[in-house]
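Remarks on the structure that follows.
Every number in this text was worked out from the coordinates using simple rules, so none of it is lab data. These numbers come from a predicted model, not from an experiment. Cβ placement follows ideal geometry from the backbone for every residue including glycine, while neighbour counts extend to all protein chains displayed.
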Amino acid sequence: MELVNFTRPAKSDDRFWDLLDEAEAVLRRLDLPYRVLDICAGDLGDKAARQIDLEVWAPADDTDEGPAEGGRWLEVSSVSNFRDYQARRAGLRFRPERHESAEYLHTLNGSGVAVPRVLVAIMEYYQNDDGTITVPEPLRPYLGGMETIEGSEKIGEAAVGAGEKE
């Protein structure tokens with residue numbers, strides 16, 4: 001899911017922080033450990049004026065180094081301010097007042113959250129000793145009030161109909 005925002009230059013920085021807060025709010029509500037990376041100018045490329053990434057910690061994935069042995073950080077959201085770069089190329093302008101000259105809009109992009117990666121983090125952090133997964137409180141209304149998800153040893157077979165004959 002991509003969040004795209006068109007705004008006046010004077011509101012550009014405020015809107016950037018709003019988009020970032022919206023993405024962070026999801027991770028805060030799910031109580032997942034995450035970090036905020038302010039991407040340095042040398043890694044931005046030539047389009048974005050500013051970019052901040054959000055990453056969740058995946059303890060079971062050991063392909064990178066992190067705060068503990070094993071595990072790695074997974075990028076789940078990225079918010080970028082392109083200022084007038086995209087608007088100039090697309091000809092996106094606005095007129096502040098009738099008598100004033102047209103100005104280029106500022107464009108901002110933010111990924112909502114990478115759902116598969118957030119699901120991985122939820123399964124890792126909310127898994128119980130018996131293999132069930134406690135559904136985080138904020139997600140329960142969307143799952144009919146379900147509090148836990150039960151596993152099945154044959155879930156893969158059931159999903160593809162393995163072993164069934166006609």
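Of note:
- Packing, taken as the mean count of other beta carbons within 10 Å per residue, orders the peptides 48-56, 85-93, 113-121 from highest to lowest as 48-56, 113-121, 85-93.
- Degrees between helix 12-29 axis and first principal axis of the chain (Cα, 0 to 90, nearest 10): 10
- Across all directions, the shadow cast by the convex hull of segment 41-148 built on its C-alpha atoms averages 11.4 square nanometres.
- Extension gain for Met146 to Val4 (0.36 nm times residue separation, less C-alpha to C-alpha distance): 47.9 nm.
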